[in-house]
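Here's the structure we're looking at; comments come further down.
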Amino acid sequence: MTHNPAARWAAAARALSVALAIAKRANWQFEHAGPNLSPPFAGYLYVHVAQLLLVPTTAGLPFARRLVDAAMREARSDALIVSTADAEPAFALGLWGRSQTRWQMPVQPALHEDGDLWLTIDDAEPIAGEMQANRAWLLQRCPVTTRASPWATPADLADARKRAAAWLALVIR
């Protein structure tokens, strides 16, 4: 990320715009104050119905993840990071657990034909005997959970990702 203040401000505005567009598409509202987070995390958006911290940032995903990990423990919530450190937005999903936080990074948005927004991953490495390529996360008015991918073929998923990319291009235009 550049040290130019105007460019940094523009990147922060893009990150916030993308985060708010995701919230709108997922039908998330910021109706509750959420957990009382310590000052470094007080600016994070909290989606009560999804029990999720929505974190727009200009930091790169690895750096942001370290910061957000502490906020997730404090809030006992999942997190979605929206980073505009590079030209295109990048995303990471953290799933909070009592014993550990599981991160999926990077995740890619995919827009289903019915308008539902999903987060998907490319990695086909097995986790606990399950192929990650078949896993996805639906963003809706409930906590984020791992689900089977709704796309039958890699071509279907590629189309859904293209729809999401086109939608995001309109958001940050």
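The values are calculated or read from the model by the stated rules, or taken from the named source; none is laboratory data. No experiment lies behind these values; they were computed from the predicted model shown. Cβ sites come from the backbone with ideal geometry, for glycine too, and all protein chains shown count toward neighbours. Ligands, DNA and RNA are excluded from the accessible area calculation, which covers all protein heavy atoms including side chains. Shrake-Rupley method; radii C 1.70, N 1.55, O 1.52, S 1.80 Å.
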Residue within the range 17-36 that is in contact (Cβ under 8 Å) with a residue 24 or more places away in the chain and more than 22 Å from LEU170 (Cα to Cα) present: yes
Exclusive hit being in contact with a Lys or Arg (Cβ under 8 Å, 6 or more places away or on another chain) and either surrounded by 15 or more Cβ atoms within 10 Å (Cβ to Cβ) or not hydrophobic (A, V, I, L, M, F, W, C) (or both), set ALA11, ALA26, ALA79: ALA26
Residue match in the range 37-47 (condition: crowded, with 22+ Cβ neighbours inside 10 Å, closer than 19 Å to THR120 by Cβ and at pLDDT 90 or above): no
Test: residue in the range 89-96 that is modelled with pLDDT of 95 or more, among the small types (Gly, Ala, Ser), open to solvent by 20 Å² or more (accessible area, probe 1.4 Å) and on the phi < 0 side of the Ramachandran plot: yes
Failed criterion for ALA166 (all others in (1) open to solvent by less than 30 Å² (accessible area, probe 1.4 Å); (2) at pLDDT 95 or above hold): (1)
ALA70 vs. criteria open to solvent by 80 Å² or more (accessible area, probe 1.4 Å), at negative phi, hydrophobic (A, V, I, L, M, F, W, C) and at pLDDT below 95: no
The range 143-163, subset open to solvent by 40 Å² or more (accessible area, probe 1.4 Å) and assigned to a loop (DSSP other than H, G, I, E, B), residue nearest to ALA26 (Cα to Cα): PRO143
